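Q: One structure, as C-alpha cells, below. Some questions next.
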Amino acid sequence: MSIQKRVVLKLREIIGNLFFRKTVVKQMSKRLVNRDMTIITSNCIGCIFLHDMQLPFNTPTVNLFIKSGDFVKFAKLLDHYLSLDFSGFETSAEGYPIGILGDIKIYFVHYKHPEEAAAKWHQRKMRINKENMFFMMTDRDDCTMEMISELTSLPHSTVVFSHVPRPSNDSVVYIPTFEAEGCVGELYKFADYTGHRYYEKYFDIVKWLNTRK
C-alpha cells in the first residue's frame, strides 16, 4: 500500500470517528431488528459488526481468520467441525497460534496463547443460534470462483465480498477500489470520510440480517 493511500485511510479514520461514526452506528442499531443472530465469518468483519452493535459474540469466528478453502469446508460440515477438539497448534511467523481442527486450520491472529484461543472458541461455539445463522466470506486468502459458488449454493444466508463484479451470483457483493489488488482489502476500514466501513457503504448488512430465512 502506498504512503498516500495510508495517509488517506488514516484521515478517514480520524475524521469519521470524530464527527460521524457514532451517528452511523446509532442509525444501524436502530434499524437492526434481528439481534440474536449468529454470524459465521472467514475473518474479523462479523465480530467488528457485533461489537459496533453492542451484541454478544454468539459465534466462534471472533478475532481470527480461516482461509477460503477451509472456510467452505467448515460451512459445509459445520456440525462436524464444531464437534471436534483441536488436535494441536502451530505457531505463525508472527507468533500467533494456528489451531488444527480436523483437516482445516484456524488462524487466531488476535490471541497470544493456544489455551486462550481454544477456550474462547469452545465457549463461543456453544452460543451459536443454528436457527438464525448468516455466513460471510471475502475473496481473500486464495479464494476461487469455485469456492464462492460452492459456498453460496449452501442452504444458508450468505454473502461474499468480491474485488470484481460477479453478476452471475446474487450472493456476491462487489466492493470497488480493490480491482488492482487481486482481492478485497480490509473491509472494516473506512471507505469514506462519513464514518462508513467498506462493507457498510456497499452492502446493507442490516437489511440482510433482518431478512431471516
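Every number in this text was worked out from the coordinates using simple rules, so none of it is lab data. No experiment lies behind these values; they were computed from the predicted model shown. When we count neighbours, we look across all protein chains shown, and the Cβ atoms used for this are built from the backbone with ideal geometry, even at glycine.
Q: Around His80, with a cut-off of 14 angstrom between Cβ atoms, what is the net charge of the other residues, counting Lys and Arg +1 and Asp and Glu -1?
A: 0
Q: Turning to a different aspect of this structure: Between the range 85-122 and the range 1-31, how far is it from one alpha carbon centroid to the other, in angstrom?
A: 31
Q: Something else: Past 26 Å, Cα to Cα: identify those pairs from Lys130/Lys201; Lys30/Lys76; Lys30/Lys105; Lys76/Lys105, in the order given.
A: With Cα atoms farther than 26 Å apart: Lys130/Lys201; Lys30/Lys76; Lys30/Lys105.
Q: Exactly which GluC sites (Glu not before Pro) in the range 60-156 are in a DSSP loop and have at most 10 other Cβ atoms within 10 Å?
A: In loop regions of the range 60-156 (DSSP not H, G, I, E or B), the sparsely surrounded GluC sites (Glu not before Pro) are Glu94, Glu131.
Q: Describe numerically, in nm with one decimal, the distance between label points set 7 Å from Cα along Cα→Cβ at Arg212 and at Met126.
A: Result: 2.3 nm between the two label points.
Q: First select every other residue whose beta carbon is under 10 angstrom from the beta carbon of Arg140; then total the charges, Lys and Arg +1, Asp and Glu -1.
A: Summing Lys/Arg as +1 and Asp/Glu as -1 gives -4.
Q: Go through the range 127-139 residue by residue and turn each phi into a ³J(HN,Hα) via Karplus (6.51, -1.76, 1.60, θ = phi - 60°); whole Hz please, and just put x for glycine and proline.
A: Once θ is set to phi - 60°, the couplings for the range 127-139 become 8, 4, 9, 6, 8, 8, 10, 9, 10, 10, 9, 10, 8 Hz.
Q: Set the Förster radius R0 to 22 Å, insert the Cβ-Cβ distance between Asn17 and Lys112 as r into 1/(1 + (r/R0)^6), and round the FRET efficiency to 0.05.
A: 0.25
Q: Now a separate question. 7 Å from Cα along Cα→Cβ at both Ala180 and Asp192: what's the point-to-point distance in nm?
A: According to this spin-label approximation, the distance is 2.2 nm.
Q: Let me ask you something else. Along the charge dipole of the chain, Cβ charges K/R +1 and D/E -1, which of Gly195, Phe86, His110 sits furthest on the positive end?
A: Gly195
Q: Where Lys and Arg each count +1 and Asp and Glu each count -1, what net charge lies around Pro60 among other residues with Cβ under 12 Å from its Cβ?
A: Once positives and negatives cancel, what remains is +4.
Q: Given springs between every Cα pair under 10 Å in a Gaussian network model of the chain, which of Lys22, Lys105, Lys125 has the largest fluctuation?
A: Lys22
Q: Another question about this same structure. Where does the range 138-213 land on the Kirkwood hydrodynamic radius, alpha-carbon pairs, in angstrom?
A: The Cα-based Kirkwood calculation yields 13.1 Å.
Q: Further question on the same structure: Using only the alpha-carbon atoms of the range 1-72, report the extent along each of the three principal axes, biggest first, to the nearest angstrom.
A: Result, largest extent first: 35, 34, 15 Å.
Q: Using modelled backbone amide H atoms (1.01 Å from N, in-plane), which distant-in-sequence or interchain residues come within less than 5 Å of Thr158's amide H?
A: Amide H to amide H, under 5 Å and 5 or more residues apart or across chains, Thr158 pairs with Phe135.
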